[in-house]
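Below is one structure, written out as structure tokens; comments come after it.
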Amino acid sequence: MSYVVTLSGSPAAHSRSTHLLRVAEDALRAHGVAVRRIDARELPAASLMHADFDDPAVREALKLVDQAQAVIIATPLYKASYSGLLKSFLDLLPQRALAHKPVLPFATGGSLAHLLALDYALKPVLASLGARHVLDNVFATERDMLVVDGAYAVTDAIAQRLADAIESLVHVLDDAAALRSLRDGRRMSNERRTRETDLFRALR
Ligand SMILES: Cc1cc2nc3c(=O)[nH]c(=O)nc-3n(C[C@H](O)[C@H](O)[C@H](O)COP(=O)(O)O)c2cc1C
């Protein structure tokens, strides 16, 4: 089954950056795209710290990334970088884990002061994991995040940026699917041509 994996790197249960993922997940489903979530905070802490690849939850999370068509990563900014929790999960991924997968980063921060952290800190890590198509990120400050009835909500401007980002991702996925079916079609017609040639030779 084809799906997009969303990865939350916030240690917080009530998380602004994870809320961005929630909005994105709803938008993906509205586009008919299946979604699977990994909450790094739900993975056993000792297994993350000790890089325990035998932990079933860790194994399942790595498998989810491996089989995803695309990855959306959301992180809070901590100390002018992405979260340590996110890094502890990314460190478990195989070297080429993000090759051939579009990646869409989201982040929330206290202000715009460390907006570039996604470029100077996260992007090199994604590149080292093989990601070659990193879509434009969506960044929200605390002023962009509203609290409605105790739950987070985003301003219209951020909602629009998220909708645009998801639309771009869906286009990338559609293009990749079209290319795959073109290749499959070409391979099938080559196979048919080979079968017909073999038959022709056999009948001569
Ligand atoms: C320990 C800590 C360090 C932080 N460091 C930064 C920072 O360097 N730059 C920034 O813009 N915000 C910083 N913040 C604010 C968070 O990035 C912000 O509150 C974010 O929205 C939290 O996201 P979350 O609710 O998904 O965890 C920090 C917050 C904490 C708790």
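A short reminder: the numbers here are calculations on the coordinates, not readings from a lab. As the structure is a computational prediction, the values presented were derived from the model and not from experiment. No Cβ is skipped: glycine too gets one built from the backbone with ideal geometry, and neighbour counts run over all protein chains shown.
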Within region 103-117, identify whether any single residue is of a type in the set (Phe, Trp, Tyr) and not in a strand (DSSP E or B), and answer yes or no.
no
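Do we find that residue 169 is within 20 Å of residue 30 (Cα to Cα), assigned to a helix (DSSP H, G or I) and touching a helix residue (DSSP H, G or I) at 6+ places or on another chain (Cβ under 6 Å) in this structure? Explain how you work it out, then say what you get.
On the way: within 20 Å of residue 30 (Cα to Cα): yes; assigned to a helix (DSSP H, G or I): yes; touching a helix residue (DSSP H, G or I) at 6+ places or on another chain (Cβ under 6 Å): no.
No; evaluated as a whole, the condition is false for this residue.
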Filter region 1-36 down to the residues that are closer than 23 Å to residue 85 by Cβ and small (Gly, Ala, Ser), then identify the one that is surrounded by the fewest Cβ atoms within 10 Å (Cβ to Cβ).
13
So which residues in region 1-32 are touching a Leu at 6+ places or on another chain (Cβ under 7 Å) and more than 16 Å from the ligand (Cβ to nearest atom)?
4, 5, 27
When both residues are 6+ apart or on different chains and their Cβ atoms are under 8 Å apart, which pairs have a first residue that lies in region 1-28 and is of a type in the set (Lys, Arg), and a second that is part of a helix (DSSP H, G or I) and near the ligand (Cβ under 9 Å from one of its atoms)?
16/142
Working only within region 116-142, note down all residues that are free of Cβ contacts under 8 Å to residues at least 24 places away in the same chain, more than 25 Å from residue 69 (Cβ to Cβ) and not hydrophobic (A, V, I, L, M, F, W, C).
120
Within region 50-99, can you find the residues that are part of a helix (DSSP H, G or I), crowded, with 17+ Cβ neighbours inside 10 Å and not aliphatic (A, V, I, L, M)?
87, 88, 89
Out of everything in region 127-151 that is under 16 Å from residue 77 (Cβ atoms) and not β-branched (Val, Ile, Thr), what residue ends up being farthest from the ligand (Cβ to nearest atom)?
137
Output for region 14-44, where each listed residue is over 14 Å from the mean Cα position of the chain (by Cα) and either farther than 21 Å from residue 158 by Cβ or assigned to a strand (DSSP E or B) (or both)
32, 41, 42, 43, 44
